[in-house]
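A.B. asks: Encoded as structure tokens, here's the structure I'll be asking about.
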Amino acid sequence: MLSIEQFPLLIVVISLLSAFTILILGWLNEKFSCYISIATVLLQFIMSILVLNHVLTVGTIHYWLGGWKPPWGIEYAVDAMNAYMLVTLLFLGLLCAVYSKKNIEHELPRKRVSFYTIYQLLITGLCGVVVTGDIFNMFVFIEIMSISSYALIASRGKIALKASFTYLIMGSIGACFFLLGIGFLYSVTGSLNMHDLSILLSPLYGNKVVQAAFVFFIVGLSIKMALFPLHTWLPDAHAFAPAEISAMLSGIIIAVSTYAFIRVAFSVFTLKFIMMYLPIFDIICWVSIIAMLYGSVLAITQTNLKRMLAYSSVANMGYIMLGVGLSTSTTMGLTPALMHILNHAVMKGCLFMVAGAFIYKADLWDIEDFRGLGRKMPYTTFAFILAALAMIGMPPSVGFVTKLYLIIACMEADQFIFVVAIFVSTLLIVYYFWRVIEYMYIRVGDGDDKEVEVDEVPTSMLIPILILGVLCFVIGIIWLIDIPLPLMDAVNSLFGLGVMP
Amino acid sequence: MIDLILAKYNYWTFIILMLIGFYAMIAKENLIKKVIGLSIFQTAIFLFYISLGDVIGGTAPIVSDETISKGYIYVNPLPHVLILTAIVVAVATLAVALALIIRMYEEYGTIEEEEIVKIERERGITCQ
């Protein structure tokens, strides 16, 4: 009998099985691959919503693989935070799968089967990182996720190969540091289960090995999530991947790495360790501020839309990590950070899909070539404007809500210089998005012969773009009227955050 | 001091190997050498795990009535199992890396990083 307690494992397994099904059925007929992929991700999405509902009404789900009890066997533990991440990632994953149908037919006509096989493996890895409660299992899933994203980035060939290789080298260093951290923890505790580790570690916080392990985790995951000084792989990898993979990379993959960081910092090492023994969160705040400003400034200098969006992702990682860094010193805890994970996924997903739509229609990469697109692709550019306004932070969009919450958090923590930095970065965002909108709508007169002949993208690509564009504002209103607040409170109380120290 | 170094020689070996691999990954221009560096780096961590599981005088962890009655000591098998998984991950990474290098060699006719960057500059970042 199927019960919701089994869903965390099934979400991972269904995706893995569908990868092989696509490979076999795709060999018979290429057309199947896309539909199987969409159906699987849709099924997973529905299951993830049921899991979220169950977690909020009944409580944390613990699933023991093979019936082995936790310290010995692998445990999948799904609490409010996992469930929230699971819904977010599968939602964007579903829209990307729908969007990819036409786009992949156009960009990778002969490689559709292998594309969807690896896409399903990517979803497997992402879901696995999110649901697992075992730290070594998390390493394995992080690597499944990373290796499949290396392959997907490289799928367009040419310059993407170099970008993918740089990401591979950087990402492997990050994963090795993570593995080393696990080794250190195992050598002092002899356990790999996260809950068990948090209990066994509490008398050992003064131990140098434990502290070194924490540093290895931070550095390793910072590479994976492209935190400021370690972001060098990101712009090329995000810019030259196929559009839907750029959307996944930017909206989900770095966010899932952030999730892994939050999980390790607060579930394995607890709040007490971070506050008393290794007060690293102040440094993270400052690094995030630099990332916000640096990413925005470099985004201004780009002429290529996708590269501009990639640098904007570096800046947005700054927003998320600022939320994480401030979480220990305010009453809001992780709410701003988790909020921006969803908000960023929606906004950046929409923007990358629009950028992909221009490439699909007329191979337009440079912002200067966008003259007159506002008239020729009205719906696509409308969605772009919605998402760009959300990035800038127009009320009541998602970007506005994040900035509002972050500013309140900064005020509570008495860090007014962070408030100034948020305003400066907002001004920079206005500048670089206005430039694109100017080319699309206003600069049409000077040389009509330069305008390209294009029309609207196919419906299956337009629907995800419009859904995400509209959601930029709908989700903002949902946040403002506090509907998801019980979820956020559940996450904060889980980690003992949200109460003034 | 010397005693400390000699007693923990397994850790020193792992650190030295890891830094050699790290150096190769950062400093070498040849892409194949970078991948070799990556492999050395990963192998160093595997050695660290394996040496963690070792017990002096320990034997293979096969439990039977005979071995229990004779009072044998066993090495810890869990790090070995973990590393078996990590080796699979490393092999997958290596395969993807080598596949990328082959594709780059077909594309640019070289596997020196500097020359690839130079060719890219000449073409301009047109992405096509």
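A.B. asks: Considering each residue of segment B:79-98, count those that are at the interface with chain A (Cβ under 8 Å from one of its Cβ atoms) and free of Cβ contacts under 8 Å to residues at least 40 places away in the same chain, and give that number.
C.D. replies: Looking only at that region, the number is 6.
A.B. asks: Among the residues of segment B:52-75, is any of a type outside the set (Lys, Arg), surrounded by fewer than 17 Cβ atoms within 10 Å (Cβ to Cβ) and within 11 Å of chain A (Cβ to nearest Cβ)?
C.D. replies: No, because not a single residue in segment B:52-75 is of a type outside the set (Lys, Arg), surrounded by fewer than 17 Cβ atoms within 10 Å (Cβ to Cβ) and within 11 Å of chain A (Cβ to nearest Cβ).
A.B. asks: Where residues in segment A:181-198 are assigned to a helix (DSSP H, G or I) and out of contact with any Ser or Thr (no Cβ under 9 Å at 6 or more places or on another chain), which of them is farthest from the other protein chains (Cβ to nearest Cβ)?
C.D. replies: Filtering segment A:181-198 for residues that are assigned to a helix (DSSP H, G or I) and out of contact with any Ser or Thr (no Cβ under 9 Å at 6 or more places or on another chain), the one farthest from the other protein chains (Cβ to nearest Cβ) comes out as A:Thr189.
A.B. asks: Condition check: at pLDDT 90 or above, under 23 Å from A:Ala260 (Cβ atoms), among the β-branched types (Val, Ile, Thr) and exposed (fewer than 15 other Cβ atoms within 10 Å of the Cβ). Does A:Val13 satisfy that?
C.D. replies: The answer is yes for A:Val13.
A.B. asks: To continue, here is another question. Just for helices (runs of 4 or more DSSP H) wholly inside segment A:281-395: which have at least 2 residues that are crowded, with 24+ Cβ neighbours inside 10 Å and in contact (Cβ under 8 Å) with a residue 60 or more places away in the chain?
C.D. replies: Per the criteria, A:281-301, A:305-326, A:335-362, A:378-392.
A.B. asks: Residues that are without any contact (Cβ under 8 Å) to a residue 12 or more places away in the chain: list the helices (runs of 4 or more DSSP H) wholly contained in segment A:1-110 that include at least 3 such residues.
C.D. replies: Once the helices (runs of 4 or more DSSP H) in segment A:1-110 are filtered for at least 3 residues that are without any contact (Cβ under 8 Å) to a residue 12 or more places away in the chain, what remains is A:7-28, A:30-57.
A.B. asks: Could you run through segment A:409-423 and say how many residues are more than 12 Å from A:Ala315 (Cα to Cα) and assigned to a helix (DSSP H, G or I)?
C.D. replies: 10
A.B. asks: So, in segment A:245-265, how many residues would count as being over 16 Å from A:His344 (Cβ atoms) and under 13 Å from the mean Cα position of the chain (by Cα)?
C.D. replies: Residues flagged as over 16 Å from A:His344 (Cβ atoms) and under 13 Å from the mean Cα position of the chain (by Cα) within segment A:245-265 amount to 2.
A.B. asks: Still on this model: Is at least one residue of segment B:108-127 outside any helix (DSSP H, G or I), facing chain A (nearest Cβ under 10 Å) and exposed (fewer than 14 other Cβ atoms within 10 Å of the Cβ)?
C.D. replies: yes
A.B. asks: May I ask you to verify whether A:Phe91 is within 21 Å of the chain's Cα centre (by Cα) and surrounded by fewer than 24 Cβ atoms within 10 Å (Cβ to Cβ)?
C.D. replies: yes
A.B. asks: In the list A:Ala299, A:Ala337, A:Ala315, which residue meets the criterion of being away from chain B (no Cβ under 14 Å) and within 21 Å of A:Leu487 (Cβ to Cβ)?
C.D. replies: So the residue among A:Ala299, A:Ala337, A:Ala315 that is away from chain B (no Cβ under 14 Å) and within 21 Å of A:Leu487 (Cβ to Cβ) is A:Ala337.
A.B. asks: Looking only at residues that are of a type in the set (A, V, I, L, M) and over 23 Å from B:Gly37 (Cβ atoms) in segment A:146-180, which one is farthest from the other protein chains (Cβ to nearest Cβ)?
C.D. replies: Among them, the one singled out is A:Leu152.
A.B. asks: When A:Thr232 is evaluated against the numbered criteria (1) over 30 Å from A:Ile385 (Cβ atoms); (2) within 14 Å of chain B (Cβ to nearest Cβ); (3) assigned to a helix (DSSP H, G or I), which criterion, by number, is the only one it fails?
C.D. replies: Looking at each condition in turn, A:Thr232 falls short on (3).
A.B. asks: Only one of these conditions is not met by B:Gly37: (1) out of contact with any Gly (no Cβ under 8 Å at 6 or more places or on another chain); (2) under 21 Å from A:Ala163 (Cβ atoms); (3) within 9 Å of another protein chain (Cβ to nearest Cβ). Which number is it?
C.D. replies: The single condition B:Gly37 does not satisfy is (1).
A.B. asks: Let me ask something else. Testing A:Thr124 on (1) out of contact with any Pro (no Cβ under 9 Å at 6 or more places or on another chain); (2) facing another protein chain (nearest Cβ under 10 Å), one condition comes back false. Which one is that?
C.D. replies: (2)
A.B. asks: Then there's this: Using the structure shown, decide if B:Phe48 is farther than 20 Å from A:Ser146 by Cβ and within 11 Å of chain A (Cβ to nearest Cβ).
C.D. replies: Working: farther than 20 Å from A:Ser146 by Cβ: yes; within 11 Å of chain A (Cβ to nearest Cβ): yes.
Criteria met by B:Phe48.
A.B. asks: Looking only at segment A:131-180, count every residue that is part of a loop (DSSP other than H, G, I, E, B) and within 16 Å of A:Ser246 (Cβ to Cβ) and tell me the total.
C.D. replies: Residues in segment A:131-180 being part of a loop (DSSP other than H, G, I, E, B) and within 16 Å of A:Ser246 (Cβ to Cβ): 4 in total.
The values are calculated or read from the model by the stated rules, or taken from the named source; none is laboratory data. A quick note: this is a predicted structure, and the numbers were derived from the prediction, not measured. No Cβ is skipped: glycine too gets one built from the backbone with ideal geometry, and neighbour counts run over all protein chains shown.
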